[in-house]
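So the structure is just underneath, and the comments pick up after that.
The values are calculated or read from the model by the stated rules, or taken from the named source; none is laboratory data. This structure is a prediction, so every number in the text was calculated from the model and none was measured. Don't worry about glycine lacking a Cβ; one is built from the backbone with ideal geometry, like all the others, and counts go over all protein chains shown. The protein model used for the area step is the full one, side chains on, heavy atoms only, and it has no ligands, DNA or RNA in it. Shrake-Rupley method; radii C 1.70, N 1.55, O 1.52, S 1.80 Å.
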Amino acid sequence: MSGDVVLREAREEDYPFILRVNEENVAVLSPMDEAHLRKLDEGALRTFIAEVDSAPAAFAIVMRDGFDAYDSQNYHWFAQRYPQFVYVDRIAIDAPYRGRGVGRAIYDAVFDLARETESPVVAAEIDTMPYNEPSLKFHESMGFHEVGTQFVSANGVQVSLQIAPVQH
């Protein structure tokens, strides 16, 4: 790995990067335009940009419990079952930076956020139809386990709803 991963808060000038990487990974993420990104960013606990060698390498949008205006079916599934949680709405790593520890660095920061907010769990969903094996294996390595499943669209997308306990 040539450079260390540096995390920072996303800025509006990062939106083109976020939208491009989201679109390139839309098969395993939900679509997002700039208006939707702006709404998510405004309501997010944190929107991360991960940089490697000063270049953007990945992004993550992280929500907290209590965001009732958020229209995500998966978020609301967790909200109905967990009074306190940190939710990874989406994370995407630009193709040249995969396998370089970027995802792990982001999730380490997400767990730090959960500790700061005294949240007992981090929640995320991973596609199982279509099957996203790399993400499932990664989440398992980070301590996640399945607590439910659901279909999230009329075109057959199914997700594994997962949580990981937070060590305080």
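Where does the Debye-calculated log10 I(q)/I(0) of segment 14-71 sit at q = 0.18, 0.27, 0.28 Å⁻¹, using only Cα point scatterers of equal weight, no solvent?
Reported log10 I(q)/I(0), two decimals: -0.64, -1.23, -1.28.
Alpha carbons only, please: Rg and Dmax for segment 4-100, in angstrom.
Spelled out, the Cα radius of gyration and Dmax of segment 4-100 are 13.5, 41 Å.
For segment 18-148, what % of the accessible area comes from carbon and sulfur atoms, probe 1.4 Å? Write out the running numbers ahead of the final one.
Numbers: 2970 of 6040 Å².
Solvent-exposed carbon and sulfur of segment 18-148 make up 49 percent of the total.
Can you give me the accessible area per residue for segment 22-128, using a 1.4 Å probe, in Å²?
Numbers: 4610 Å² over 107 residues.
Per-residue value: 43 Å².
Net charge near residue 48, counting Lys/Arg +1 and Asp/Glu -1 over other residues with Cβ under 12 Å of its Cβ?
Summing Lys and Arg as +1 and Asp and Glu as -1 gives -3.
Taking a 1.4 Å probe, which of 97, 75 shows the most accessible area, and what order do the others take after it?
97, 75
For a quick check, take a GNM of the chain with Cα springs below 10 Å and name the residue from 156, 43, 66 with the largest mean-square fluctuation.
156
What span do the alpha-carbon atoms of segment 92-162 cover on each of the three principal axes, reported in whole Å from largest to smallest?
37, 33, 18
Counting Lys and Arg as +1 and Asp and Glu as -1, what is the net charge of the other residues whose Cβ lies under 12 Å from the Cβ of residue 151?
-2
Which residue fluctuates most in the GNM of the chain (Cα springs below 10 Å): 41, 71, 108?
71
Kirkwood hydrodynamic radius of the chain from all distinct Cα pairs, in Å? Mind showing how you got there, number by number?
Numbers: mean 1/r = 0.0623 Å⁻¹.
Final number for the Kirkwood radius of the chain is 16.1 Å.
For the chain, set up a Gaussian network in which alpha carbons nearer than 10 Å are linked by springs, and say which option among 98, 46, 64 fluctuates the most.
98
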